[in-house]
Each structure stands twice: as structure tokens, then as C-alpha cells.
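**Student:** After the C-alpha cells below, expect a handful of questions from me.
The values are calculated or read from the model by the stated rules, or taken from the named source; none is laboratory data. None of these values were measured; they are calculated from a predicted model. Here Cβ is always computed from backbone atoms with ideal geometry, including for glycine, and neighbour counts include all displayed protein chains.
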Amino acid sequence: MKRSIFLTTGLLSLAPATAFAHPHIFVEARLEVVAAPDGSIEELRNVWRFDEVFSSSVVMDFDKNTDLKLEPNELAEVGKTVRDSLADYDYYMNLTINGKNITVQKPDIIHVDYKEGQLLMFFAVKPVEKMPLKGKLTFGVYDPTLYTSIDFPTDNELAMVGDGFKACKHAVVRPDADEVISENKQSLTDAFFNDPTGTNMSKLFATRLEVTC
């Protein structure tokens, strides 16, 4: 069984982990969903702020000149490592249109900064196929392994940008874990025993933006 785990030896790698592990990395996130002029989704802009403990471990790994900070070339190496490593996990993006899952393209670049003891990452991704603003769309960011906790501090951190959303209704959904377990107890149990190495059922617990147009 493999889970995506941020490791101090390479920032992101694959390593064994128990199913539904407790989070070890904590991220405060912002997601901007941008509408294109033709009434479809143009891109999704992400900002991730990592906890200080994990951030310090990244500094230790990528601070090649040992000056206790990350130079521009070192920050670029962090971004390149994450860009390559998260490709298999779709950059933790969770997109659907009328119930259909949509994957994303590899971002051109992941910008990285280090401020006040915390690592920051900025990047934009585009859907691999057209997502017209018709029907029900959902947008979220989550780690299906539950190793990384991705939190949106306020509902305003899940934002819509563009005139295409003017005719749409939206809501931020923050699932109650007890209710999710109660409502999906049988399917969760079946999913675990059918594939104890891990399932995608963890997305039921993830905060998401629901848009209806």
C-alpha cells in the first residue's frame, strides 16, 4: 500500500502508511475558481500555506548553502519537486461536473516562498476537458490519503472569479464527519474491505464549493 507523503528527503515521496492515517502535515488553503469568457471553467488558482513544523523540515532539506533560509534557486527546486511528485495525485484537486470526475493538467510552474517560518505555494491548474457552467459543479482540494490536512479557514477562501458565475448559485459545504459516517456506513465498510489499501471515499469528508448554474 502506498500513500503520498511529504518526506524530508525529497519533499514528496511514496511510503507505506496505515489506511486513513491521521494528518501529519497541515495546510491552510485558498482556491479561486476562474470562469472563462465563454462560460466554462478557465483555471483554478491555489494558495497553500504550510505549518511551521513541516516548513522547517523543508528548509533543512533544501537549504544547500546552510544559511538557514531558502534562496530563489532553492525555492524553485522545492516547486519543481512538488510539481513532479503531485502529478499522480492530480494536485489534490477534486472537481466534478454533474457527478463526473474531472482531472487537471500539470501546472506550468509552482511558485514557492518562505515567510515568517511558513512555506507558501502558489499555482494554477486547468481542467483536462471543458467544464461548462451548466448543471452542478463541485470544487475542492483534499489529500485522499488523509496524510495532509487541507483546511479553508473561512468560506471566503473558496472563491469564484468572473462574470460567468453571475447566473449561478453557490454554497460552501463543510461535511460533518459523524453525519457522513452515519449516512455512508455500509458503503464505507464495503469499500474498506474490498480494497483495504485505500479508497477515494475520504472525499466525502472534504470541504468543497458547490455551484449550480
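**Student:** For residues that are in a loop (DSSP other than H, G, I, E, B), under 17 Å from LEU209 (Cα atoms) and either touching a strand residue (DSSP E or B) at 6+ places or on another chain (Cβ under 7 Å) or modelled with pLDDT under 95 (or both), tally how many sit in the stretch 94-125. So that I can check it myself, show each step before the final result.
**Tutor:** Initial filter on the stretch 94-125 (in a loop (DSSP other than H, G, I, E, B)): 98-99, 103, 105-110, 116-117.
Checking which are under 17 Å from LEU209 (Cα atoms) leaves us with 98-99, 103.
Next cut, either touching a strand residue (DSSP E or B) at 6+ places or on another chain (Cβ under 7 Å) or modelled with pLDDT under 95 (or both) only: 98-99.
The number of residues fulfilling the criteria is 2.
**Student:** Which members of the stretch 42-64 meet the condition of being assigned to a helix (DSSP H, G or I) and not hydrophobic (A, V, I, L, M, F, W, C)?
**Tutor:** Answer for the stretch 42-64, where residues must be assigned to a helix (DSSP H, G or I) and not hydrophobic (A, V, I, L, M, F, W, C): GLU52, SER55, SER56, SER57, ASP61.
**Student:** Those residues that are surrounded by 19 or more Cβ atoms within 10 Å (Cβ to Cβ), of a type in the set (Val, Ile, Thr) and more than 30 Å from LEU137 (Cβ to Cβ), I need them from the stretch 36-58; list them, please.
**Tutor:** The one that is surrounded by 19 or more Cβ atoms within 10 Å (Cβ to Cβ), of a type in the set (Val, Ile, Thr) and more than 30 Å from LEU137 (Cβ to Cβ): VAL58.
**Student:** Here is a follow-up. Go through the residues of the stretch 124-146 one by one and say whether even a single one is farther than 30 Å from PHE62 by Cα and in contact with a helix residue (DSSP H, G or I) (Cβ under 6 Å, 6 or more places away or on another chain). Reasoning before the result, please.
**Tutor:** So in the stretch 124-146, the residues farther than 30 Å from PHE62 by Cα come out as 127-139.
Going one step further and asking which of them are in contact with a helix residue (DSSP H, G or I) (Cβ under 6 Å, 6 or more places away or on another chain), we end up with 133.
Taking every residue of the stretch 124-146 in turn, at least one turns out to be farther than 30 Å from PHE62 by Cα and in contact with a helix residue (DSSP H, G or I) (Cβ under 6 Å, 6 or more places away or on another chain).
**Student:** So, of the residues in the stretch 65-87 that are assigned to a loop (DSSP other than H, G, I, E, B) and aliphatic (A, V, I, L, M), which turns out to be modelled with the lowest pLDDT?
**Tutor:** The selected residue is LEU68.
**Student:** Among what's in the stretch 109-162 and is among the acidic types (Asp, Glu) and touching a residue at least 24 places away in the same chain (Cβ under 8 Å), pick the residue that is surrounded by the fewest Cβ atoms within 10 Å (Cβ to Cβ).
**Tutor:** Residue satisfying both the conditions and the ranking: GLU129.
**Student:** Out of curiosity, is ASP90 assigned to a helix (DSSP H, G or I) and closer than 20 Å to THR207 by Cα?
**Tutor:** Taking the combined requirement at face value, the residue satisfies it.
**Student:** Another question, if that's okay. Determine whether the stretch 69-90 contains at least one residue that is surrounded by 15 or more Cβ atoms within 10 Å (Cβ to Cβ), among the polar types (S, T, N, Q) and either under 30 Å from GLY135 (Cβ atoms) or touching a helix residue (DSSP H, G or I) at 6+ places or on another chain (Cβ under 7 Å) (or both).
**Tutor:** no
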